[in-house]
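Read through the structure below, which is laid out as structure tokens, and then see the notes.
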Amino acid sequence: MLLFAHLGITLGAVYILFKLLRKNFDSRILTITSLGALLPDIIDKPIGQILFYDTFHNNRIFAHTLLFILILTALGLYLRRNGEDRMLLVAFCSSIHLILDEMWNRPKTLFWPTLGWRFEEVNLENYVSDTLSSLTHNPHTYIPEITGLLISIFILSKLFITTTKVKGGIPLEYNRNKTEDQSRDTNDE
């Protein structure tokens, strides 16, 4: 999966969860969800694909493991004792990331270090061109990306585009302010 699939599908799952729990999904939750949805790649891509490629030859390493999710969850449970539940949301969103990446197909990474200390090597020399080709030719890639983009647009519109009631083609807030301004002008005379 790529950016929009991870963001949008995770945002959609959390949005539905919050609606079912009758909790407020606001911009703070949007930010935390986005961070959790991308956190495994934020950590692993620079480490395994750029900084230490000669060591790992893989861009899905530490943060794509169950151990990482367990650490985030344990930290979240600890912080929750003090009324702080944001880390649990990060752990939940990062676990969705692993599901979307189908990490069960890479058990050596998913269950690291129980199946050995080394990560499997992946050829990433053509990563950008392979990703672009997959994005334009592989429905397994472009359908989740389009779906994630549409979900993101829907949720962002719900959060940031407000609707105003209109009376006679003029927003009610305008009518109210206009009436207040007129009454002030009358009182001034």
Notebook entry, point to check: All but one of (1) over 19 Å from the mean Cα position of the chain (by Cα); (2) buried (at least 16 other Cβ atoms within 10 Å of the Cβ) hold for Thr55; which doesn't?
Noted result: (2)
Margin query: Yes or no: segment 99-111 includes at least one residue that is at pLDDT 95 or above, over 21 Å from Ile143 (Cβ atoms), part of a loop (DSSP other than H, G, I, E, B) and of a type in the set (A, V, I, L, M, F, W, C).
Written below: yes
Notebook entry, point to check: Which number in (1) surrounded by 12 or more Cβ atoms within 10 Å (Cβ to Cβ); (2) farther than 22 Å from Asp26 by Cβ marks the one condition that Ile96 misses?
Noted result: (2)
Check: Restricting to helices (runs of 4 or more DSSP H) lying wholly in segment 1-93: which have 1 or more residues that are more than 28 Å from Lys108 (Cα to Cα)?
Finding: 3-20, 27-44, 66-80
Next item on the list: Have a look at Phe119, Phe56, Phe68, Phe25 and point out the one that is modelled with pLDDT of 95 or more and of a type in the set (Phe, Trp, Tyr).
Entry: Phe68
Next item on the list: Working carefully through the options Glu102, Glu121, Glu125, Glu145, find the one that is touching a residue at least 24 places away in the same chain (Cβ under 8 Å) and loosely packed, with under 14 Cβ neighbours inside 10 Å.
Entry: Glu121
Item checked: Residues located in segment 29-82, provided they are among the small types (Gly, Ala, Ser) and in contact (Cβ under 8 Å) with a residue 12 or more places away in the chain -> Ser34, Gly36, Ala37, Gly48, Ala63, Gly76
Note to self: Can you tell me how many residues within segment 20-52 are within 18 Å of Val90 (Cβ to Cβ), of a type in the set (S, T, N, Q) and crowded, with 19+ Cβ neighbours inside 10 Å?
What the structure shows: 1
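The values are calculated or read from the model by the stated rules, or taken from the named source; none is laboratory data. Bear in mind that the values here come from a model prediction, so they are computed numbers and not experimental data. Every residue, glycine among them, receives a Cβ derived from its backbone with ideal geometry; neighbour counts consider all protein chains shown.
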